[in-house]
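Written out below as structure tokens is the structure these notes cover.
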Amino acid sequence: MKWFRKYIGNRDYSADLTVFKTFYDDLRSPAGMMMLVGSNRDFDYTVYVRIPEGLTGTFAEYEASGAPEEEQVMGLCGAPRDLLEHLKMKR
């Protein structure tokens with residue numbers, strides 16, 4: 001699985017979440033597949049997905065990246081154990 005990201009600022013990311021959740025459920029919740037949102041300021045978001053390479057075309061607007069490093073990271077979709085590895089709260 002590889003990380004990808006898309007900067008969205010203050011725009012709504014619910015459509016991306018719906019697409020992600022559909023694939024996540026269809027693939028029977030694969031270990032390591034997750035969607036997170038990171039932020040260093042209020043209402044300034046970057047959405048991250050960790051997906052199998054076969055899904056990269058579905059998230060064509062996303063660019064290759066590493067795991068989120070923002071000051072605040074929230075889990076949107078994924079196994080709780082996978083998400084906990086990356087979640088951060090404001091310092």
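The values are calculated or read from the model by the stated rules, or taken from the named source; none is laboratory data. On a predicted model such as this, the values are computed, not experimentally measured, just so you know. As a convention, Cβ positions derive from the backbone with ideal geometry for all residues, glycine included, and neighbour counts pool all protein chains shown. Note: accessible area is taken over every heavy atom of the protein model, side chains too, but ligands, DNA and RNA are not part of it. Shrake-Rupley method; radii C 1.70, N 1.55, O 1.52, S 1.80 Å.
Label 7 Å along Cα→Cβ of Ser29; the range 58-91 residues with amide nitrogen under 13 Å? Residues passing the 13 Å test: 77-83. The Cα center of the range 8-40 and the Cα center of the range 56-80 differ in position by 7 Å.
Helix 14-26 and the longest principal axis of the C-alpha atoms of the chain enclose an angle of approximately 40°.
Per-residue 3J(HN,Hα) values for the range 59-68, derived from phi via the Karplus relation 6.51 cos²θ - 1.76 cosθ + 1.60 with θ = phi - 60°, read 10, 4, 7, 8, 10, 4, 7, x, 5, x Hz in sequence order (x marks Gly and Pro). Accessible surface for the chain, divided over its residues, is 62 Å² per residue with a 1.4 Å probe. Given the alternatives (i) 32, 31, 22; (ii) 34, 27, 21; (iii) 44, 31, 23, Cα extents along the principal axes in Å as computed for this entry is given by (ii).
On a full-extension model of 0.36 nm per residue, what is the gain between Ser39 and Glu61, subtracting their alpha-carbon distance, rounded to one decimal in nm? Kindly include the intermediate steps, with their values, before the conclusion.
Values: separation 22, 0.36 × 22 = 7.92 nm, distance 1.87 nm.
Contour length minus Cα-Cα distance gives 6.0 nm.
Computed over the range 1-90, relative contact order equals 38 percent, with contacts defined as Cα pairs under 8 Å that lie 6+ residues apart.
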